[in-house]
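For reference, the structure discussed in these notes is given below.
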Amino acid sequence: MSVRSQSSGSSQPPQAAHRSGFACFVGRPNAGKSTLTNALVGQKVAITANQPQTTRHTVRGIVHREDAQLILVDTPGLHKPRTLLGERLNDVVRTTWAEVDVIGFCLPANERIGPGDRFIAKELAGIKKSPKVAIVTKTDLVDSKALAEQLIAIDQLGKELGIEWAEIVPVSATGGTQVSLLADLLIPLLPEGPPLYPEGDLTDEPEQVMVAELIREAALEGVRDELPHSIAVVVEEMLPREDRPADRPLLDIHAYLYIERPSQKGIVIGPQGKRLKEVGIKSRKQIEALLGTPVFLDLHVKVAKDWQRDPKQLRRLGF
């Protein structure tokens, strides 16, 4: 085990051969996994929000280096499930862990190690073949003394459970601190092999899924208390508008926001439709940046009663 202290630069170890493989970030909900994925890729490929359990799909972000290709798999946070959706999200996590070349365990610097972290660490202890890197996230929120205490606590956690950390790395995804170093440390843990994706690809997530996630991210903002996790988004149609000149294209996107109860509809739409309009404006800007084309976004809100507990509806909504 080696602990990496905070440093401003990064040193690229020499690699004899090209390496490529999959790294997975795990951690309890809201540990900074999606923000870290976006920082490493250099562009938004995973949605982030202030509430836990934002990620539902496994999103792959691709980091291209001359000597390596690091494919990042972002998973939902492992948690104690209360619904069928929760159980399915946990299944996604465990399946992913079994298939990757290296696992990064994200633990926020500003929160003590708790039962949720221990629950995940115990599961990780049972996975023998994949090397494990402890990543201390959100280091910009603590001073050096608190960070040192967290590094010692994580080292101790590994010893207690029989996990040998390949590295312990403090990072700040929002500040960009040691993000490049983290990639430098993950790459030598990958197998040798040719690139798995073409140069320039940043994710293999279908555009329609990414558009739906951007809409859902905007819809979740500001309604954490009322709708902690009741919103699903389905993009029904994405079509270039006909009869537009080549230099002025427009993409028509029609999407539905599904909620679980009629009483939630007013919360999502807002007085005189103001809130839904704001969701549309915010997500449209993000979608246009993602797709590189002007967009007309048509949003509708529908009730899908108790969809998180209904297998049929979960399937229809893509889970």
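Every number in this text was worked out from the coordinates using simple rules, so none of it is lab data. None of the values given here were measured: they were computed from a predicted structure.
Over the Cα atoms of segment 19-189, Rg to Rh with Kirkwood Rh, two decimal places?
Over the Cα atoms of segment 19-189, Rg/Rh equals 0.93.
List the residues whose amide H sits under 5 Å from the amide H of Ile135, counting only those 5 or more places along or on another chain, with H placed 1.01 Å from N in the peptide plane.
Placed amide hydrogens put Phe105, Cys106, Leu107, Val169 under 5 Å from Ile135.
Using the Karplus curve 6.51 cos²θ - 1.76 cosθ + 1.60 with θ = phi - 60°, work out ³J(HN,Hα) for each residue of segment 159-164 in order, rounded to whole Hz, and write x for Gly and Pro.
Whole-Hz 3J(HN,Hα) from phi for segment 159-164: 5, 4, 9, x, 9, 9.
Based on alpha-carbon centroids, what's the gap between segment 171-201 and segment 208-224 in Å, whole number please?
Each part reduced to its Cα centre gives a spacing of 27 Å.
Non-local amide H neighbours of Val223 (under 5 Å, H modeled in plane, Pro and chain starts lacking H): which ones?
Hits under the 5 Å cutoff: none.
Run the reach check for Lys282 against lysines, Cα to Cα strictly under 23 Å, same-chain hits fewer than 8 apart removed. What comes back?
Answer for Lys282, where 23 Å is the Cα cut-off: Lys33, Lys44, Lys265, Lys274, Lys302, listed by chain and number.
If you plug each phi of segment 90-99 into the Karplus form 6.51 cos²θ - 1.76 cosθ + 1.60 with θ = phi - 60°, what whole-Hz ³J(HN,Hα) values come out, in order, with x for Gly and Pro?
Per-residue couplings from phi come out as 5, 4, 4, 4, 5, 4, 5, 4, 6, 10 Hz.
Just give me a number: lysine pairs in segment 111-252, eight or more positions apart or cross-chain, with C-alpha atoms less than 21 Å apart.
The result is 5.
May I ask you to list the aspartates and glutamates whose Cα is less than 14 Å away from that of Lys305, ignoring any residue fewer than eight positions away on the same chain?
Glu260
Quick one: of the DSSP bridges fully inside segment 19-189, what percent are antiparallel, nearest 5?
Around 25 percent antiparallel, to the nearest 5.
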